[in-house]
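Data block below; observations after.
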Amino acid sequence: MSSDFKSILTENRLFEPSAEFKSKARISSMEDYQRLHAESLNDPDTFWTREASELTWQQPWTKVLDWQPPFAKWFVDAKLNVSENCVDRHVAAGKGDKPAILWEGEPGDTRTISYAELQTEVATFAAVLLNHGIKAGDRVIIYMPMVPEAAIAMLATARIGAVHSVIFGGFSSESIKDRLLDSGATAVITADGGYRRGKVVPLKDNVDTALKNAPHVTTVIVLKRTGQNIAMQEGRDAWWHDETAKVTEGAPANGFDSEHPLFILYTSGSTGKPKGILHTSGGYLTGTYVSSKYIFDLREDDVYWCTADVGWITGHSYIVFGPLSNGATILMYEGAPDTPHQGRFWEIVEKYKVSILYTAPTAIRAFIKWGDDHVDKFDLSSLRLLGSVGEPINPEAWMWYHHKIGGGRCPIVDTWWQTETGSILITPLPGVTPTKPGTATLPFFGVDAAILDEDGKEVGPNEGGKLVIRKPWPSMLRTLYGDNDRYKEVYWSTYENIYLAGDSARRDDDGYFWIMGRIDDVLNVSGHRLGTAEVESALVSHESVAEAAVVGRPDELKGQAVVAFVTVKGGVDPTPELAAALKKHVANVIGAIARPDDIRFAAGLPKTRSGKIMRRLLKEICAGGVIKGDTTTLEDLNVIASLQASGKDED
Ligand code: PRX
């Protein structure tokens, strides 16, 4: 294997779940985990029939799985309504008064929405969508701040069988336009604005700019959140409150086929064009329901807080569909962790007595940097379980999370999964698995994970290789929207009938999985996926840029920072002002998360004889390292020297 697959992490500290946690946990012994895991792989029909039967189905399935690789159908012929499962069934079970959503706005405004109220809101907004002619199968873009209406909009589209595509509120109008065109969406649900770090994010203005190039959008529904002036286009745009006020009867929760599309979520791949990951109804809901139940060990009285934004898969699966299908009380927070002060998260934990906290390593590293004083001011004794997601958690961050936030008593579930997988695939079970800082440990039920070498052979302990999943699982993506060929090519062409995750990993002597990083040209910046090709095409769309190559370099806070090597067009001066302008340009084209940390101008980029940019070399250059390895295929060796001398620009 290539040297990229060597891991420098060795970690032998082992943390057992406390006797107290174990005594109450759903699954509390390794034998039970192993027995259920074996059943889920050897007799998936029995396992998934038992689990899925806890949900409400309007028509039963005739077959659990129809697998025509690489296309899966789960719960064949069954009918269900996803919103009914997340809302109505809890009201029907007498839990109408239970809080479904506890919400805290960034400015400090709050709301509590019970399951009965959520049912009314979802059914009402679903009726609004129907009134606007939106029907099952139509695509609807949701571009909203972290307000309860974002979840309501998702559940309402699901209720009528429309397919939502949520776009993270930090993305630019250009990104909205691309997704609008690819999905063929005819409606957009947005807000006038949202609050972020005390400023207003102009969501509706961004939508207006995107819509200049998307005349097929006929409906825009706008929630009033910030109250700033916005343009409303007669005949196309309508206010959420006006439209809901017109509704006299909520929309029913009719059943849809188990394989009916539920949502498309765009994520980065190794080309410039984001991939539209398609998830369907029955399998996705079952996967998120079962994983939330066992991995977060959800209890009736838990207050569960996942700090992700609904614009990412984590927000879809573990703010909305997983916890709500379990009837949990979820907390939603609109704003930034450091607004108005750096203890805001801990203030919220204390105020709402949060018992389960699910956040990202990048946030944990920021908290460490901000200092323990912000944590010490608050009472975190309500916490009983902690989760981590998005990137490998470095052991120091894990230890701080364990001691400082978890008081040494809370199990940490480090959960590995992807937009494509729909739900968590590798994770500890909190009442069972002894954890080690930095590893997501063992496969969840139904997951046949392995690490293969280039020839498709499983590697031995501590050897690196490619992480794969060998059997289909209920919440797996079904395809890339409108592009079956790319779906096959990206995930299923490396090994026959085996899903390629795109990560490198190793297993230790205990069989624990250690994720080492991506094997493709995808960066992980603050837990968010970013394709190097996307940033490159944004850069070359600037008039001064001739060519660009983007690589990641390790970053203490963000995990990876974005470094762009740029050659300019003839007659253009590579000045610090230009570097600043290019950073701004990328943020405008994609969104602030893609803003390069460094722009390094170069006379030429190092290429192989066949013209491929040698990214490995660029990575080594920006890590400040000595150039190693074989460079004889370089087209122009002088290029390396000039790149190394080019230095970094100052911000
Ligand atoms: O590289 C892995 C990393 O995030 C990628 C998936 O990104 P995305 O689809 O945006 O989903 C993020 C949230 C599920 C993976 O291919 N990743 C995610 N979780 C972990 C992780 N790497 C290590 N440990 C994790 N717990």
Subject >> Cβ charges +1 (Lys, Arg) and -1 (Asp, Glu), total dipole of the chain, debye >> reply: 180 debye
Original post:
Put a dot 7 Å past each Cα toward the Cβ at LYS246 and LYS212; how far apart are the dots in nm?
Top reply: 2.9 nm
Subject >> Spatially near lysine pairs across the stretch 82-253, Cα under 29 Å, sequence gap of 8 or more or different chains >> reply: 20
**OP:** With a cut-off of at most 16 other beta carbons within 10 Å, and DSSP calling the residue loop, which trypsin sites (Lys or Arg not before Pro) in the stretch 460-522 qualify? Please list them.
**Re:** ARG470
Original post:
Given only helices, namely DSSP H runs of n ≥ 4 each adding -39500 (n - 2.57), what is the per-residue ellipticity at 222 nm of the chain, to the nearest 500 deg cm²/dmol?
Top reply: -8000 deg cm²/dmol
Original post:
So who's got an amide H within less than 5 Å of the one on LEU223, skipping anything under 5 residues away but keeping other chains? H placed 1.01 Å off N, in plane.
Top reply: THR190, ALA191, ASP192, TRP240
**OP:** Name the residues whose placed amide hydrogens come within less than 5 Å of the amide hydrogen of SER388, ignoring near sequence neighbours (fewer than 5 apart) on the same chain.
**Re:** THR359, VAL413, ASP414, THR415
**OP:** List, in order, the whole-Hz ³J(HN,Hα) value for each residue of the stretch 136-146 obtained from phi through the Karplus relation with A = 6.51, B = -1.76, C = 1.60 and θ = phi - 60°; use x for Gly and Pro.
**Re:** 3, x, 5, 8, 10, 7, 10, 9, 9, x, 7
Original post:
To the nearest 0.05, what FRET efficiency results for GLU31 and LYS353 with a Förster distance of 45 Å applied to their C-beta separation?
Top reply: 0.85
**OP:** Assuming R0 = 30 Å, can you tell me the calculated FRET efficiency for the pair LYS569 and ALA231, based on Cβ-Cβ distance, to the nearest 0.05?
**Re:** 0.25
Subject >> For the stretch 459-466, 3J(HN,Hα) per residue [Karplus equation, 6.51 cos²θ - 1.76 cosθ + 1.60, θ = phi - 60°, Hz, x = Gly/Pro] >> reply: 7, x, x, 6, 9, x, x, 9
**OP:** Can you pull the one-decimal nm distance between simple spin-label points at THR46 and ALA93, each 7 Å off the Cα toward Cβ?
**Re:** 2.5 nm
Original post:
Hey, which lysines would be in cross-link range of LYS73, C-alpha to C-alpha under 21 Å, not counting anything within fewer than 8 residues on its own chain?
Top reply: LYS63, LYS275, LYS471, LYS488
Original post:
Can you give the extra length, in nm with one decimal, that the chain gains between ARG609 and TRP67 once fully stretched, where that is 0.36 nm per residue apart less the Cα-Cα distance?
Top reply: 190.8 nm
Subject >> Karplus 3J(HN,Hα) series, Hz, for the stretch 517-533 with 6.51 cos²θ - 1.76 cosθ + 1.60 (x for Gly, Pro) >> reply: x, 7, 9, 10, 8, 10, 9, 10, 9, 6, x, 10, 7, 9, x, 4, 5
Original post:
Which lysines does LYS22 reach when only Cα atoms under 20 Å apart count, and residues fewer than 8 places away in its own chain are ignored?
Top reply: LYS293, LYS436
Original post:
Taking amide H positions as placed 1.01 Å from N in the peptide plane, with prolines and chain starts having none, which residues 5 or more places from GLY502, or on another chain, fall under 5 Å of its amide H?
Top reply: LEU467
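Read the figures in this text as sums done on the coordinates, not as results from a lab. Predicted, not measured: the structure shown is a model, and the values here were computed from it. Note that we place each Cβ from the backbone using ideal geometry, even for glycine, and neighbour counts take in every protein chain shown.
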